[in-house]
Structure formats: structure tokens, C-alpha cells
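Colleague: Have a look at the structure that comes next, please.
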């Protein structure tokens, strides 16, 4: 695993560039635990953004420690999420992949996913670790309204829409779970590094 | 106590404080006053803490009827001034010029229900109270003890080129693109809000135009989408994105960025 590369993000931020999401999650967890002067620690697909009192040496040292620990693993919370696989795009996804709908469901529900990072909307988690055979492009024409709780896929990611919003991902099913609730602490159900399994209803 | 009645809300008036820092990893934007210096100046004049909840008016301010005496400050791009508004009087904030935004601060602050620790309205996600509507009535908190406040002062930072620190993705611009970035005047387009400000000018020449895997974003980031037309992100920006960020406005100059209005011409310096 190669060392983190440090890039400037204005006078109060630094971006650590890493090999993959696994490394990004390990480094993000370490920075959050060890550098209290940071206001925000934001993992991306293979980066970590640190904002606050940024000290280049401390950032690189903490990142190197995180990468060196082979058996790291902060306490990740695991979720089993029940999904009704009746999504509007299920048949089309099956057709695109040359599978039948039951196979798509079985293959989507088989792996344990990792929350790679959040973005797009509060509580919107990008999940990695899915079956590479299920990769489909986003819709050419995004929907104006995707219902809250929709379970969807695009590229290497799976996601669950925390609330109804416009969206271009392909809808496989839905869950009743509330992914984001401003009255709850923490407000987002899923945090970077958490594990997710989908259980078909 | 219900103390302030909104006679006319103006085109866009929201409640703002210092926002919701620290939740970006959960997809929650920072939000908060886009000219935090003006917010602090106005609050200081009426004896409030710098981050007390105030109204952020956009382009044209609201008309407010006060039901009790209140020490009020208006703070914007040029400075801040305070005055006493008597019970029954109407405060007409009027046009926000120069700049785009004026803060209406009252001694004691507006009493608004916080969401995730902040009373700021986030226009990207809808978190926080809704924008002001005609007919709304709001309460004011107890006035602070500090009565010996200044009456007015002038902004210390003159408008001028914004200091832009290159990175993290300045390698996405060619040498000519970098040259254009720092030498061209940029006109603020009508697509300018609390999420970001689109800048019109020459196309920035890029080394490649594909998106990056999503990475974290900060306020003041200058994104260059495939069109080559830059977008300056403000406080309600999404927390992650894939358009390359070629530079970030220095935090000292963010208040100036927050005062850009459509039609303004802005430039960048190193």
C-alpha cells in the first residue's frame, strides 16, 4: 500500500489521496480519533478531506500509522436492511445484464457492503462491495422524483435515498428505514465504514 | 414574546447563524451566513455573541414591524450600523447595495428552533427553518446586558480580487488555463445562490475533462465542470462531488465571495 499524498485545499484544508476506499476509511477513522483540531474529516471514494487546524506533519504521520496497521478496523456497525425488491427499474436492469429479475435480487442481496462515503444529500451513503456483475450506468434521463427509501444502483455503488429527491440511479427496491432524521443523534443511520446487508422481503 | 412581524419578506430572506460544521461526513452541508464577518459585526453592535441568529437578506431586504423597542443593526458589504427601533415602527431594509446580502441583527437574537445545533436555513437540503414569508411573526430573545455598543463601523476589507490558493486539482488546468484563471475578469452570472456562484468568462483550458471519483468539498472551492465554466461554492454546497476543484478562496476572503451579486465582475489573485 503506497503512502498518502497530501494536496492543499485552501488555507484550512488538506486532501489526502489514497489507493482505495479501504485505505481512505482507515485514515479517516484515525484522523477523527487522533487530531482534535480538525472540524471535519470527510472520506471520499479514495481520498480524505481534513478541515480545521491542519498540520501537514501530523496528518501524514497519522495517515502512515493507519496504513501500517494491518489488522486495524475501528468498530464498524453492521446493519441488516429489509428490502422489498419491487423497484421500477428491476426488469430493465435484468434485461441490460441478461439475467432474470430473481437473479439480480439474489446477487444484490448476497454481499456485505461497506459505506464508502456520504454525499449528495444528508444521510445519502455510497455503498461499495457489490457484485461487479451488477454494474449498470445511471439513467440517461434522471427522474424528477425518487421516493424516500428507494434502494438503487449505479456504476460500482449501491445506495438508499434518504428522502424523496431527483435522482438518476436505477431503482431495485425499497426499505421502510429512516436513513436520516435531524432529531436523532447521530442524524444519519449509516456512517463511513459501516457494513450493510440487504435482506429480501 | 412575539416581537417582529414580517410585512414583506423580500425575494429571499433566511435565518442564519454560524451553520453546522462537523457533519460533512454525514452529507450535511456547513450552511451558515455566507458573509460571516458581517454577521459578527452586526451582532457585535447590538451586544450579541458573534454567531447569534440574524436575518440574511438577499438583494432586497424585508420590511419588518416591531411590536416592542429593539436595538437593531444592519450589516453588509460596506460595514454595519445600529439604531433603536421603537414599538410600532416599521423597518424597511431596502436594497442590499453594494454587495448582495444584508444581515438584520437584533439585540437578543431571533428565537428560532435549531436543527442539528443551528438555526441556519440550508437551501440545498432544506434543513433548518423555511425562508421568511409575508405575515410571519417571530420572537426576540432577552436583550444582552452590554449596552455600551458602537454605533457604526466601516468594513475593514475592501472589495478587490479574491485570493485563490491553488489545489487540490490545479493539475487539471493547462498553463494557459491557469493564466486565464488569474488574468481574466469573471462576471457573476444569474445562477448565483447560497449553494454556489457560476462565473461567466473565457473557457478554462483543461488537461482532461472526465470527473473524479467523489471527494470532499469546502466552502470557497472553485470547481471546473467539463464545460470549463467555473463554479465558486458557497456555504450550502454539497459535501462531496466529482468536478475537479482547481483552487480555493482564502478563508479571509470568503465574506467578499458571499457578497457577489449577479452582474458583478470579480478577479482572482494568487
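Colleague: Among the residues of the range B:9-22, which ones are more than 7 Å from every other protein chain (Cβ to nearest Cβ) and farther than 15 Å from residue B:119 by Cβ?
Modeller: The answer is B:9, B:10, B:11, B:12.
Colleague: Here's another thing I want to ask about it. Just to verify a result, which residue in the range A:62-92, among those that are touching a strand residue (DSSP E or B) at 6+ places or on another chain (Cβ under 8 Å), under 15 Å from residue A:191 (Cα atoms) and assigned to a loop (DSSP other than H, G, I, E, B), is modelled with the highest pLDDT?
Modeller: Out of the qualifying residues, it is A:77.
Colleague: Only one residue in B:205, B:211 is out of contact with any helix residue (DSSP H, G or I) (no Cβ under 8 Å at 6 or more places or on another chain), surrounded by fewer than 18 Cβ atoms within 10 Å (Cβ to Cβ) and either facing chain A (nearest Cβ under 10 Å) or over 17 Å from residue B:123 (Cβ atoms) (or both), so which one is that?
Modeller: That would be B:211, the only listed residue that is out of contact with any helix residue (DSSP H, G or I) (no Cβ under 8 Å at 6 or more places or on another chain), surrounded by fewer than 18 Cβ atoms within 10 Å (Cβ to Cβ) and either facing chain A (nearest Cβ under 10 Å) or over 17 Å from residue B:123 (Cβ atoms) (or both).
Colleague: Another question, then. Yes or no: the range B:32-42 includes at least one residue that is surrounded by 20 or more Cβ atoms within 10 Å (Cβ to Cβ), within 14 Å of chain A (Cβ to nearest Cβ) and modelled with pLDDT of 95 or more.
Modeller: Within the range B:32-42 (the criterion being surrounded by 20 or more Cβ atoms within 10 Å (Cβ to Cβ), within 14 Å of chain A (Cβ to nearest Cβ) and modelled with pLDDT of 95 or more), the answer is yes, since at least one residue qualifies.
Colleague: Look through the range A:174-190, keep the residues that are modelled with pLDDT of 95 or more and touching a helix residue (DSSP H, G or I) at 6+ places or on another chain (Cβ under 7 Å), and return whichever of them is surrounded by the most Cβ atoms within 10 Å (Cβ to Cβ).
Modeller: A:188
Colleague: Yes or no: residue A:153 within 14 Å of chain B (Cβ to nearest Cβ), under 15 Å from residue A:85 (Cβ atoms) and crowded, with 17+ Cβ neighbours inside 10 Å?
Modeller: no
Colleague: Another one. So is residue B:106 over 17 Å from the mean Cα position of the chain (by Cα) and under 16 Å from residue B:6 (Cβ atoms) or not?
Modeller: So residue B:106 fits the description; yes.
Colleague: What do you reckon, is residue B:173 buried (at least 20 other Cβ atoms within 10 Å of the Cβ) and more than 14 Å from every other protein chain (Cβ to nearest Cβ)?
Modeller: yes
Colleague: Could I ask something else about it? Please work out if residue B:50 is out of contact with any strand residue (DSSP E or B) (no Cβ under 9 Å at 6 or more places or on another chain), surrounded by fewer than 24 Cβ atoms within 10 Å (Cβ to Cβ) and either closer than 11 Å to residue B:102 by Cα or not assigned by TED's automatic domain parsing to the domain that holds residue B:260 (or both).
Modeller: Considered against the rule, which asks whether it is out of contact with any strand residue (DSSP E or B) (no Cβ under 9 Å at 6 or more places or on another chain), surrounded by fewer than 24 Cβ atoms within 10 Å (Cβ to Cβ) and either closer than 11 Å to residue B:102 by Cα or not assigned by TED's automatic domain parsing to the domain that holds residue B:260 (or both), residue B:50 comes out as yes.
Colleague: Next up: List the strands (runs of 3 or more DSSP E) inside the range A:1-43, counting only whole elements, that have at least 3 residues being at pLDDT 95 or above, touching a strand residue (DSSP E or B) at 6+ places or on another chain (Cβ under 9 Å) and within 7 Å of another protein chain (Cβ to nearest Cβ).
Modeller: Once the strands (runs of 3 or more DSSP E) in the range A:1-43 are filtered for at least 3 residues that are at pLDDT 95 or above, touching a strand residue (DSSP E or B) at 6+ places or on another chain (Cβ under 9 Å) and within 7 Å of another protein chain (Cβ to nearest Cβ), what remains is A:5-9, A:38-43.
Colleague: With the requirement that a residue be crowded, with 21+ Cβ neighbours inside 10 Å and either touching a helix residue (DSSP H, G or I) at 6+ places or on another chain (Cβ under 6 Å) or in a strand (DSSP E or B) (or both), what does the range B:85-114 give you?
Modeller: B:101, B:102, B:103, B:104, B:105, B:106, B:110
The values are calculated or read from the model by the stated rules, or taken from the named source; none is laboratory data. As the structure is a prediction and not an experimental result, all values here were calculated from the model. Cβ atoms come from the backbone with ideal geometry, glycine included; neighbour counts cover every protein chain shown.
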